[in-house]
Amino acid sequence: MTSQVFTVKLQPSGRRIEVPAGTKLLDAARLAGVELVAICGGEGSCGTCRVLPIEGKLSPPTLTEQGELSPEDLAAGYRLACQTEVLSDVSLDIPAESLTTPQRLQLEGQEIPTELDPLVIPAEVELTPPNLGDLRADLSRLDQALSDHGFPQVRFSLGLLGKLSPTLRLNGWKVRLALRKSEEVVAILAPGSVLFGLAVDVGTTKLAAYLVNLKTGRTTAQAGAMNPQIAFGEDVISRITYVNDHTGGGEILQNKLVDALNGLVNELCSAAGVAQDQIVEAVIVGNTAMHHLFTGLPVRQLGEAPYVAAVGSSLEFPASQVGLHLAPGAYVYLPPNIAGYVGADHVAMLLGAGLYQVPGTVVGLDIGTNTEISLFHQGRHLSCSCASGPAFEGAHISDGMRAAPGAIERVRLSGEVFQVHTIGGQAAVGICGSGILDAVAELLKAGLIDMRGVLNGEHPRLRTNDDKVEFILASAEESGIGREIKVTRKDINEIQLAKAAIRAGMEILLLEAGIQDDDIQHFIVAGAFGTYLDLGSAVTIGMFPNLPLERFKQVGNAAGSGARQLLVSARQRRAADEIARQVEYVELAVQPDFMKVYMAALAFH
């Protein structure tokens with residue numbers, strides 16, 4: 001009797017593997033090229049291969065697990081991968097500490113000089129100590145000093161007032177106050193303390209965080225992490241579905257994200273030698289779904305036609321309301337959302353890349369699971385959102401993975417000469433988005449893929465397996481996982497779907513503006529995937545128009561750069577509001593030409 005075969009999905013790497021029933025999770029991970037820490041070699045005696053099952057049926061916890069895992073871990077559902085057998089399709093969340101190799105996270109973005117205009121400024125005050133002839137309360141004494149400095153009627157939160165008396169006495173009646181909008185104290189610090197801000201780009205897949213000196217505007221430290229919500233769905237629709245289908249699902253996803261952000265705050269503070277109380281302001285940007293899940297806003301309406309946001313305008317509120325561990329009175333600011341699927345991160349990207357100020361006809365796009373596109377032409381700003389899917393994150397690709405060591409990220413094919421480059425120069429364990437894009441482009445140029453996306457022709461690495469044609473990127477001997485890494489017809493189809501969605505969205509905006517590809521003077525590509533993709537490959541497969549390469553510019557994490565601008569400049573916050581007010585959002589679903597344009601974009605030309 002043939003054993004049942006189940007799919008194990010491993011997050012946050014995005015790898016999938018089919019294994020027979022009864023396979024240990026540790027073995028499944030290794031077969032998928034995901035290396036877990038297993039100091040004891042899988043005997044169960046070290047407790048290092050902790051994983052968190054999200055969905056699926058597994059064997060019950062063993063006595064070994066009950067001895068190695070804490071009661072808290074067991075209650076939370078953690079398992080040891082070396083002890084746990086697969087009994088159905090399974091989805092796993094693997095903590096960062098259980099992985100031997102970190103993923104590559106895109107933090108860098110071009111920096112555009114911004115005139116400093118922070119909302120929080122320092123005020124250094126020195127008070128006369130109380131005595132038997134002057135028994136005024138500490139707060140009354142401070143209120144008078146602030147009034148003398150030109151700051152009358154300043155507010156304090158109750159939580160902050162608890163720090164006033166001990167801080168004054170500890171520092172000889174001298175303190176530095178962080179004043180927000182010159183009307184509210186958000187931190188009481190030792191004299192001379194530097195004020196910092198936190199800027200975060202919350203991506204569907206990845207988080208990028210920056211610690212910024214509010215006096216200089218310079219980034220002091222930066223850190224990245226995977227978005228832990230990915231364990232509950234690779235894309236925003238899956239996460240919205242999770243929230244809709246699970247009682248308290250929204251709170252679970254919010255807490256996961258906030259916990260990860262607090263972890264990044266700790267990492268940044270440790271790297272810079274900064275206390276959390278010195279972080280007096282935060283700016284968070286993300287797509288509309290990430291925005292709503294972070295703030296605890298409802299998301300059901302984002303998943304149902306006509307897909308509208310609960311809140312479109314900019315928001316600001318105390319960081320403590322969502323559990324962020326910053327200065328006691330610190331606020332969080334989120335820029336406006338444009339539409340249900342064009343969020344605050346796109347506004348930040350436009351700011352960060354300075355696109356709204358570039359003369360001429362400009363296209364700017366941030367490629368991801370959801371790709372946002374803006375077109376600036378003759379005073380009009382058109383914008384749309386494309387459901388490009390997770391293929392460029394390596395998902396739904398046979399041997400796909402996210403950008404981590406061992407992922408094939410570059411492919412070159414010239415006759416029978418075939419070359420691949422992997423991240424870190426390691427033996428190949430899979431292929432990431434830029435690699436699959438390159439592979440399809442190279443196969444097209446070699447005539448091994450036709451306009452429909454069908455693999456055919458003659459090549460030593462082209463072979464038929466069960467009547468299906470595959471191209472071998474790495475043989476079992478060449479790979480680092482002991483089996484072949486390949487490109488299949490299905491993989492090519494996934495890229496066709498993704499590139500067609502992006503190109504069709506772009507073409508609809510051009511039609512709306514009454515212009516053609518050749519009229520585009522500047523083509524700006526932002527985001528993590530946009531940083532690493534080969535522009536020539538993107539043009540070859542038809543994802544980007546065939547323009548001179550000098551018109552293209554890759555700007556990295558422009559949303560993160562925009563978030564930092566919003567952190568240090570009230571003027572940029574006003575500019576963000578203006579961008580959101582002026583944009584003309586184009587809903588692709590109601591465009592009569594969309595399906596025709598999309599079907600044409602599916603083909604390779």
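Every number here is computed from the coordinates shown, using simple stated rules; none is lab data. Keep in mind the model is a prediction, meaning the values are calculated, not measured. Note that each Cβ is placed from the backbone with ideal geometry, even for glycine, and that neighbours are counted across all protein chains shown.
Table for the structure above
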| item | result |
| --- | --- |
| Per-pair calculated FRET efficiency, R0 = 35 Å: Arg300 and Lys468 via Cβ, rounded to 0.05 | 0.30 |
| At 1.306 mPa s and 10 °C, Stokes diffusion of region 456-510 via Kirkwood alpha-carbon radius, µm² per second | 120 |
| Calculated on alpha-carbon atoms, Rg and Dmax of region 286-328 in Å | 12.1, 40 |
| Mean separation of Cα contacts under 8 Å (6+ apart) over length of region 309-468, as relative contact order % | 12 |
| Karplus-derived 3J(HN,Hα), 6.51/-1.76/1.60, for each residue of region 578-588, Hz, glycine and proline x | 5, 4, 5, 6, 8, 5, 9, 7, 10, 7, 4 |
| Leu74-Gln144 FRET efficiency (beta carbon distance; Förster radius 51 Å; 0.05 resolution) | 0.35 |
| Spin-label proximity, Arg452 to region 577-605 - amide N less than 16 Å from point 7 Å beyond Cα toward beta carbon | 600, 602-605 |
| Unit charges on C-beta of K, R, D, E only; dipole of region 120-189, Debye | 200 |
| Fraction of alpha-carbon pairs over 26 Å apart in region 273-388 - percent | 29 |
| Correct option for Rg and Dmax of the Cα atoms in Å [calculated from the coordinates] among (i) 25.0, 81; (ii) 26.4, 99; (iii) 24.7, 73 | (ii) |
| Interchain or long-range residues, amide H under 5 Å from Ile54's placed H | Ser91, Leu92, Asp93 |
| Computed [θ] at 222 nm, helices only, for the chain once each DSSP H run of length n ≥ 4 contributes -39500 (n - 2.57) | -9000 deg cm²/dmol |
| Beta bridge orientation in the chain: antiparallel %, DSSP, nearest 5 | 70 |
| Kirkwood Rh, Cα atoms: Rg over Rh of region 196-334 | 0.98 |
| Exposed-loop-free span, longest in the chain, where GluC sites (Glu not before Pro) count as exposed if DSSP calls them loop and at most 12 other C-beta atoms lie within 10 Å | 478-605 |
| For region 120-189, average projected area of the Cα convex hull in nm² | 4.3 |
| HN-Hα J in Hz across region 156-166 - Karplus 6.51, -1.76, 1.60, θ = phi - 60°, x for Gly and Pro | 10, 7, 4, x, 6, 4, x, 8, 5, 4, x |
| Mean shadow area of region 335-455, taken as a quarter of the surface of its Cα convex hull (nm²) | 10.2 |
| Derived scalar couplings ³J(HN,Hα) [region 268-282; Karplus, 6.51 cos²θ - 1.76 cosθ + 1.60; whole Hz; x for Gly, Pro] | 5, 5, 5, 5, 9, x, 10, 7, 4, 5, 7, 8, 9, 7, 9 |
| Mean projected area (nm²) of the alpha-carbon convex hull when region 5-98 is viewed from all directions | 5.1 |
| Length released on extending from Lys181 to Thr62, taking residue separation times 0.36 nm less the Cα-Cα span | 37.1 nm |
| Computed over the chain: relative contact order in percent, which uses C-alpha pairs under 8 Å that are six or more apart | 14 |
| Nitroxide proxy distance, nm - points 7 Å out along Cα→Cβ at Glu55 and Asp577 | 4.2 |
| Dimensions in Å of region 424-559 - Rg and Dmax from alpha carbons | 16.9, 54 |
| Difference of contour (0.36 nm per residue) and Cα-Cα distance, Leu87 to Asn131 | 8.4 nm |
